[in-house]
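What follows is a single structure, written as structure tokens, with notes after it.
Please treat every number below as a calculation from the coordinates, not as lab data. Computed from a predicted structure; not experimentally measured. Note that we place each Cβ from the backbone using ideal geometry, even for glycine, and neighbour counts take in every protein chain shown.
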Amino acid sequence: MDLDKNKPLLGEKGRFLLKNLLKGFLYLGILIVLFFLIRKSLSEQERLEWFGTIYNNPYLVMSIFVGSEILFGIIPPEIFMLWSLETGWIGPYFWSIGLLSVISYAAGYLNFNLGLFINHRSKILKSSNKYIQKYLDLFKRYGAFMVIVASISPLPFSLISLLGGAAGLERRKYYSYSLFRILRYFVYAYVLWLIQA
């Protein structure tokens, strides 16, 4: 088989996806190390004193999670996965991961539809905000592929969903591509479960 030596092994999209996947696993690794350092250096009583008010209140934790997912993923979802693994407050681990992933998917869905609604009513696509402009430029460059990358990496999924709707991304493409979000939750959750076991 004759391979073209001038042709890169991965295309631009493949490199972009791989770079963001590696970044995601790096962040996951850092979070796991921090988790075990806190667990090892603080007694259960000290952990309760530090985190008890939030940690033992599932309604508060879930409210924070929903708010974070709607507001572009301010808090990494892996923190909530670890909370679920540690406490079991919302049921068996993989059931709770299913619930968290559906909430995250729904937050993206909400933002996508908001983007469709504001498509011609807002100047979001002409925003000078550096944060929005950065992802808008990436969206212009990679199009619908950005939804897949944001679904499985640390890129802000809800923001990309909003920009996709505002840019007029086809609904069917968005709905199917964003299903990778659910896959991401289960893959990351499985890694956390293996390490914890």
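Could you give the radius of gyration (one decimal) and Dmax (whole number) of the Cα atoms in segment 82-168, in Å?
That works out to 15.3, 45 Å for Rg and Dmax.
Taking 0.36 nm per residue of sequence separation and subtracting the Cα-Cα distance, how much length would be gained by fully extending the chain between Leu183 and Gln133, in nm to one decimal?
15.2 nm
Run a plain Debye calculation on segment 16-196 (Cα atoms as equal point scatterers, no solvent) and give log10 I(q)/I(0) at q = 0.17 Å⁻¹, rounded to two decimals, same order as the q list.
Values, matching the q order: -1.06.
Any idea how far apart Trp95 and Lys19 come out in nm if each label point goes 7 Å out from Cα toward Cβ?
Between Trp95 and Lys19, the simple spin-label model gives 4.2 nm.
Of the cross-linked pairs Lys40/Lys134; Lys13/Lys40; Lys19/Lys40; Lys13/Lys130, which ones have a Cα-Cα span greater than 30 Å in the structure shown?
Lys40/Lys134; Lys13/Lys40; Lys19/Lys40
Obtain the nm distance between the two label points defined at Tyr59 and Val102 by a simple spin-label model: each point lies 7 Å from its Cα along the Cα-to-C-beta direction.
Inter-label distance under the simple model: 2.1 nm.
If each of Tyr190 and Tyr175 carries a label point 7 Å out from its Cα toward its Cβ, how far apart are those two points in nm?
Here the modelled spin labels are 2.7 nm apart.
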